[in-house]
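Chemist: Structure below; questions to follow.
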Protein chains: 2
Amino acid sequence: MTESSPDVTRNGAHALIRTLVDAGVDTCFMNPGTSEMHFVAALDDVPEMHSVLALFEGVATGAADGYARIAERPAAVLLHLGPGLGNGLANLHNARRGQTPVVNIVGDHATYHAKYDAPLQSDIESIAKGVSGWIRSSTDAATVADDAADAVAASYGPPGQVATLVLPADVCWSESPGPVAPKPVPARARVDSSTIEAVAAVLRSGEPAALLLGGAAVREPGLVAGSRVAATSGAKFLSETFPSRLERGEGVPAIERLGYLAEFAQAQLGGLSHLVLVGATSPVSFFAYPDIASDLVPEGCTVHVLAAPGDDAVAALEDLAAALDAPADSAVLAGAFRPERPTGDLNAQTFAEAIGATLPEDVIVVDEGNTGGLFVAGFTGGAPRHDWLCLPGGAIGYGMPVATGAAIAAPGRKVLNLQADGSAMYTFQSLWTQVREDLDVITLILNNQSYAILNLELSRVGANPGPKALEMLDLTNPTIDFVALASGLGVDASRATTAEELTAQLESAFATRGPHLIEAILPPTL
Amino acid sequence: MTESSPDVTRNGAHALIRTLVDAGVDTCFMNPGTSEMHFVAALDDVPEMHSVLALFEGVATGAADGYARIAERPAAVLLHLGPGLGNGLANLHNARRGQTPVVNIVGDHATYHAKYDAPLQSDIESIAKGVSGWIRSSTDAATVADDAADAVAASYGPPGQVATLVLPADVCWSESPGPVAPKPVPARARVDSSTIEAVAAVLRSGEPAALLLGGAAVREPGLVAGSRVAATSGAKFLSETFPSRLERGEGVPAIERLGYLAEFAQAQLGGLSHLVLVGATSPVSFFAYPDIASDLVPEGCTVHVLAAPGDDAVAALEDLAAALDAPADSAVLAGAFRPERPTGDLNAQTFAEAIGATLPEDVIVVDEGNTGGLFVAGFTGGAPRHDWLCLPGGAIGYGMPVATGAAIAAPGRKVLNLQADGSAMYTFQSLWTQVREDLDVITLILNNQSYAILNLELSRVGANPGPKALEMLDLTNPTIDFVALASGLGVDASRATTAEELTAQLESAFATRGPHLIEAILPPTL
């Protein structure tokens, strides 16, 4: 039991929120509970903070990931105790793997209440540990603003990371001395000239080599410098499999993504003598399989690190291009190309053609299309320039939340979320927030009525499935009606069963402000 | 990389599943991924195992909770790596607090793959620790069957608990010597006679006393013995606030549940000199509030433990009744009572009356009605006998999954899920599994278009909310159409806007095999 709390403008919650805003964190995705009520009550006195309600915590954490990928600064998340953190954990895992800065605030019981082991008491730090590069429990309203400023700075890394601040209720409601100034954000480390020169020597050797770009290196400046290096040296130009944010399309240097399937990646890397990592980690198989190697680097290939994930990879590529005397105009830019408007049956190819034929400039594409979306990247490489957001962490259910957060970060841009049916059902509640915030998002459901990727994986792991096993991958009993689900959450929706219908519906959706959902009915297998 | 795996009937997954079935665990709720494909493939060769697919892990874990509450033996859960565990964590938290046995199997990468830190690599044990009374990582196909047998035995406690088995993919796919026999399940400890006599002496003193029953003590045998003790001694007869499974209705001894709000509970406990715990823990406030005590035991009241949660509380109550010479027929049984069929506007009272007027015998009621359902218990205490399942852990989103699992455990019984709108949206995917498994569940949505409980809590914590704060508790922008959502998942649904409509729709739903959903439109506040 504590004394009555002071006026809201003098409490810890107010100091915390004001400190966040002063440090540039002015968006908070939340699904609060009783222990967060003083935080919520303090929102009215900090008008700069945009508070966004989600119906489920996985939506809030994924939205923070999508927001920061586009805004290039963190959002805050407000979660309710250990169970709320659990609900948001999968998308925090994804943020961690994508090196996205997130200020993850987890409300807790009042400090003095913990010892009573009330029903919702849990060890929040043990749950948060695995996803958090930085973690702290606030203990006092006198220091919570300082904790918040530290959390914001820590979230930037480099590289970006989840900074988790555990926030007891009494720290929020007790009297605070007020906000504190932002803390300095450490810069990315400049790669030293001896490393540049060593890699330049490798590339000059003429032995088979590849650059493997990841993180911030796959934005346009890194791609231009990297492409100059590749064109001049003859090295292969590869990106990590699932970049957090890839710039691509007409006029941007094209880069070949490493395959998701180990066999494909091995083919791409086969015969190399040198692999140069630029903000990427050394390639490993996404999963383990009997008889397939986990380490994808071919035997006899030497791995060189030009830039570690926290280094300034773009500057390193520019320095490397200079060391190789790569001409300024030697980057190989993607030309304009659009497929014809497809006709006839809807399948993985005509689906991809419909997108390639209609994609306008400057769209943010959030790709959780999985198997059904396999051909989309190929048919959009020559479309007007756009951003392409992938799933670096592999925890499904990221697409709809990330699209939501990206749309909030870029109010003037259209977001296209390619969303596989099975994955959609993890965080479908996102649509409600898209309506509430009037977001310009097209959700394009790839409804193939199955966990098709698992059908593929089931055969790849060497299993020999019977009907009971196959039933666990099947989504036809019952079939999911995504148009009805969307309408239940207030989203205008349509269904496409032919290539012509999909093309027309996409054109219409691109021309109209969202949110909108299109359910594309695809065959159950590729 | 490992050698090719053996035929499925000789691998670790098969030995594990066969061992589970032999130990009485014949239902597995799952949402598997690539690392679990050998487990899935092995299902066909163990036909006794009922595998139930969920669209989201929180559905699977909550269903396992509901199943075990009714079946009185654990189900297994199969989750995919750390993120899948995170998605299922909230309902495992609830199972832990309700002392429900759950065999929680979390698939992991192959043992040798961990060191590569692949995208989905995470520290599963640190996430699982807080919810698990027992945890082990399997390391070898030679011993995985033994691990499984240990996990089943451990899940029984006593009291029941979550037993987490981390299951690497290569342990599943490698050659195993086969299943092992079940391990003995430890019995609940018998409370010694000196404890019985000490409590009897307290109750004989005539000083104001209360019994506080929890866990298995609130099933009929415990209630009968407890009611005899209370009637003979004059002690108050109380149960914990949110029992996991309470038997009640006509012919069952009625017991007064301790209030959720600290102020109510304090009023119930006020003036007591003795509080006797029978399978319950000492009462504490659910949340901390400024100026309200966390410990709800009044000053000057002595707490006595008749039976700790792992003890045989029912035998202890029977021994206590004998020590007090309580007559065998002295239990006070609830008489028959039904409210009139309500008419007019739908509100918290007419809503409760509609249920009280129509509830048939032997229904399993799963109560996540929150504020809108506040009066339902009062209007059903004299209805034909039924089970009442509550939320001991406080993590919302438990109702629909627990209803799903309860229906699988009791195919001949009707399940009525009282489901608040906000909480419904955490695990709404449950409806799909209800259709797939043809379950006899009525989901009754209490749609008051708000997080009404938080409106209540916001004022209780002493916060003074402005419009921005109130917006974070409001679910009207957009309103959720639960009938459309249900139809999207294949569930027959209807909407009730008057008391007459609700009564008629309930009668029809009770008379028809489910699943069915009724959306009751309630006013936004009590």
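Chemist: Distance between the C-alpha centers of the range B:43-111 and the range A:201-245? Whole Å please.
Modeler: 44 Å
Chemist: How big is D, in µm² s⁻¹, for the range B:300-458 by Stokes-Einstein at 10 °C and 1.306 mPa s if Rh is the Kirkwood radius over C-alpha pairs? Walk me through the numbers before you get to the answer.
Modeler: On the way: Rh = 18.0 Å.
Calculated translational D: 88 µm²/s.
Chemist: How much net charge surrounds A:LEU269 when only other residues with a Cβ under 13 Å from its Cβ are counted (Lys, Arg +1; Asp, Glu -1)?
Modeler: -3
Chemist: When Lys and Arg each count +1 and Asp and Glu each count -1, what net charge do the other residues less than 15 Å away from A:VAL491, Cβ to Cβ, add up to?
Modeler: In short, -4.
Chemist: Let me ask you something else. Which percent of the accessible heavy-atom area of the range A:324-402 goes to carbon and sulfur, probe 1.4 angstrom?
Modeler: Of all accessible area on the range A:324-402, carbon and sulfur atoms account for 53 percent.
Chemist: Something else about it: Please work out the Cα convex hull volume for the range B:37-104 and give it in Å³ per residue.
Modeler: So the per-residue Cα hull volume is 82 Å³.
Chemist: A follow-up question, please. Need one value for B:486-493: mean number of C-beta atoms belonging to other chains within 10 Å of its residues' C-beta atoms. Kindly include the intermediate steps, with their values, before the conclusion.
Modeler: Working: counts 3, 6, 13, 8, 6, 1, 0, 0.
For peptide B:486-493, the averaged partner shielding equals 5.
Chemist: State, as an integer percentage, the relative contact order of the range A:208-366 based on alpha-carbon contacts under 8 Å between residues 6 or more apart.
Modeler: Details: 280 pairs, mean separation 44.9, N = 159.
Contact order relative to length: 28 percent.
Chemist: Sticking with this structure for a sec: Of A:TRP388, B:CYS301, B:ILE453, which is farthest on the positive side of the dipole of the protein assembly as shown, counting Cα position, with +1 on Lys and Arg Cβ, -1 on Asp and Glu Cβ, and the Cα centre as origin?
Modeler: After comparing all options, I get B:CYS301.
Chemist: Looking only at the range A:232-375, where both bridge partners belong to it, what percent of the DSSP beta bridges are antiparallel (to the nearest 5)?
Modeler: Working: 3 of 10 bridges.
Antiparallel bridges make up about 30 percent of those DSSP assigns within the range A:232-375.
Chemist: Which value results when the Cα radius of gyration for chain A is divided by 2.2 N^0.38 Å?
Modeler: 1.00
Chemist: Let me ask something additional. Which of the residues in the range B:80-113 lose at least 20 Å² of accessible area when you go from the chain alone to all protein chains together (probe 1.4 Å)?
Modeler: Residues shielded by partner chains are B:PRO83, B:GLY86, B:ASN87, B:LEU89, B:ALA90, B:HIS93, B:ARG97, B:HIS109, B:TYR112, B:HIS113.
Chemist: Count charges around A:VAL191 for me, please; just the other residues with Cβ under 14 Å from its Cβ, Lys/Arg as +1, Asp/Glu as -1.
Modeler: Values: positive: A:ARG188, A:ARG190; negative: A:ASP192, A:GLU197, A:ASP311, A:ASP312, A:GLU318, A:ASP319.
Result for the local shell: -4.
Chemist: Next question, about the same structure. Could you report the range A:344-456's accessible area per residue, 1.4 Å probe, as an integer in Å²?
Modeler: 20 Å²
Chemist: Kindly work out what percent of the DSSP beta bridges joining two residues of the range B:367-526 are antiparallel, to the nearest 5.
Modeler: Here the antiparallel bridges make up roughly 5 percent for the range B:367-526.
Chemist: Okay, moving on. Roughly how many debye, to the nearest 20, is the charge dipole of the range A:1-147 about its Cα centre, given +1 on each Lys and Arg Cβ, -1 on each Asp and Glu Cβ, and no other charges?
Modeler: Charge dipole, the range A:1-147, about its Cα centre: 520 debye, nearest 20.
Chemist: Sticking with this structure for a sec: Roughly how large is the B-A contact in terms of buried accessible area, totalled over both chains, probe 1.4 Å, nearest 100 Å²?
Modeler: Result for this pair: about 8500 Å² buried.
Chemist: Quick check: residue separation of B:ARG385 and B:SER459 times 0.36 nm, minus the Cα distance between them. What number comes out in nm? Intermediate results must be reported in sequence, preceding the final value.
Modeler: Numbers: separation 74, 0.36 × 74 = 26.64 nm, distance 3.69 nm.
So the chain would gain 22.9 nm between B:ARG385 and B:SER459.
Chemist: Let me know the mean shielding of A:464-476 by other chains, meaning the per-residue number of their Cβ atoms within 10 Å of its Cβ.
Modeler: Working: counts 4, 7, 8, 2, 11, 12, 4, 6, 14, 4, 2, 4, 1.
Partner Cβ neighbours, averaged per residue: 6.
Chemist: May I pose another question? With a 1.4 Å probe and all protein chains left in place, how much accessible area per residue does the range A:134-228 have, in Å²?
Modeler: Solvent-accessible surface per residue comes out at 37 Å².
Chemist: Still on this structure, I have one more. With +1 on the Cβ of every Lys and Arg and -1 on the Cβ of every Asp and Glu, and nothing else charged, how large is the dipole of the range B:326-474 about its Cα centre, in debye rounded to the nearest 20?
Modeler: Details: 8 positive and 16 negative charges, 19 e Å.
It comes to approximately 100 debye.
Chemist: Along the positive direction of the dipole of the range A:314-435 (beta-carbon charges: Lys, Arg +1; Asp, Glu -1; about the Cα centre), which of A:LEU324, A:GLY405, A:VAL435 reaches farthest?
Modeler: Going by the charge dipole, the pick is A:VAL435.
Chemist: Need the full-extension length gain, A:ARG413 to A:ALA187, defined as separation in residues times 0.36 nm minus the C-alpha distance. One decimal, nm.
Modeler: 78.5 nm
Chemist: Calculate the dipole size of the protein assembly as shown relative to its Cα centre from +1 charges on Lys and Arg beta carbons and -1 charges on Asp and Glu beta carbons; express the result in debye to the nearest 20.
Modeler: Using Cβ point charges on Lys, Arg, Asp and Glu, the protein assembly as shown gives about 180 debye.
Chemist: Tell me, what ³J(HN,Hα) does each residue in the range B:135-146 have, in order and in whole Hz, if you take phi through Karplus 6.51 cos²θ - 1.76 cosθ + 1.60 with θ = phi - 60° and put x for Gly and Pro?
Modeler: Calculated HN-Hα couplings, in order: 8, 8, 9, 5, 10, 7, 5, 5, 10, 5, 5, 4 Hz.
Chemist: Taking beta carbons within 10 Å but only from partner chains, what does the mean come to for residues B:123-134?
Modeler: Working: counts 4, 1, 2, 7, 10, 2, 5, 9, 6, 0, 0, 0.
Averaged over the peptide's residues, the number is 4.
Chemist: Find how many whole Å separate the alpha carbon centroid of the range B:306-339 from the alpha carbon centroid of the range A:444-464.
Modeler: Measuring centre to centre over Cα atoms gives 54 Å.
Chemist: Order the peptides B:346-356, A:116-126, B:178-188, A:245-255 from the highest to the lowest mean number of other Cβ atoms within 10 Å of their residues.
Modeler: Working: B:346-356: 23.5, A:116-126: 19.8, B:178-188: 14.9, A:245-255: 21.5.
The packing order, highest mean first, is B:346-356, A:245-255, A:116-126, B:178-188.
Chemist: I'd like the antiparallel share, as a percent to the nearest 5, of DSSP beta bridges with both residues in the protein assembly as shown.
Modeler: Values: 18 of 149 bridges.
About 10 percent, rounded to the nearest 5.
Chemist: Moving to a separate point now. Taking the label point 7 Å from Cα in the Cβ direction, how far apart in nm is A:ASP438 from each other copy of itself, listed shortest first?
Modeler: Output for A:ASP438: 4.9 nm, nearest copy listed first.
Chemist: Something else about it: Grab the Cα-Cα distance for B:ALA198 and B:ALA511, subtract it from 0.36 nm times how many residues apart they are, and report the gain in nm with one decimal.
Modeler: 107.6 nm
Chemist: Still on this structure, please answer the following. From the label point of A:SER459, set 7 Å from Cα along Cα→Cβ, how far away are the matching label points in the other copies, in nm, ordered shortest to longest?
Modeler: For A:SER459, the other copies' label points sit at 6.3 nm, shortest first.
Chemist: On to the next question. Rg (Å, one decimal) plus Dmax (Å, integer) for the alpha carbons of the range A:221-373?
Modeler: So, for the range A:221-373, Rg and Dmax equal 17.4, 52 Å respectively.
Chemist: Here is a follow-up. Working only with C-alpha atoms, what are the Rg and Dmax values of the protein assembly as shown, expressed in angstrom?
Modeler: According to the Cα coordinates of the protein assembly as shown, Rg and Dmax are 29.3, 100 Å.
Chemist: Rank A:ASN94, A:PHE29, A:ALA15 by how far each Cα sits towards the positive end of the charge dipole of the range A:1-96 (+1 on Lys, Arg Cβ; -1 on Asp, Glu Cβ) and give me just the farthest.
Modeler: Going by the Cα projections, it comes out as A:ASN94.
Chemist: Next up: Rounded to the nearest 500, what is the 222 nm mean residue ellipticity of chain B from helices alone, with -39500 (n - 2.57) per DSSP H run of 4+ residues and division by all residues?
Modeler: Helix contribution divided over all residues of chain B: -10500 deg cm²/dmol.
Chemist: Using a Förster distance of 35 Å, how high is the FRET efficiency between B:ALA504 and A:ASP438, based on the Cβ-Cβ distance and rounded to 0.05?
Modeler: After rounding, the FRET efficiency stands at 0.35.
The values are calculated or read from the model by the stated rules, or taken from the named source; none is laboratory data. Since this is a predicted model, take the numbers as computed values, not measurements. Ideal geometry is used to build each Cβ from the backbone, glycine not excepted, and the neighbour counts take in all protein chains shown. What goes into the accessible areas is simple: the full protein's heavy atoms, side chains included, and nothing from ligands, DNA or RNA. Shrake-Rupley method; radii C 1.70, N 1.55, O 1.52, S 1.80 Å.
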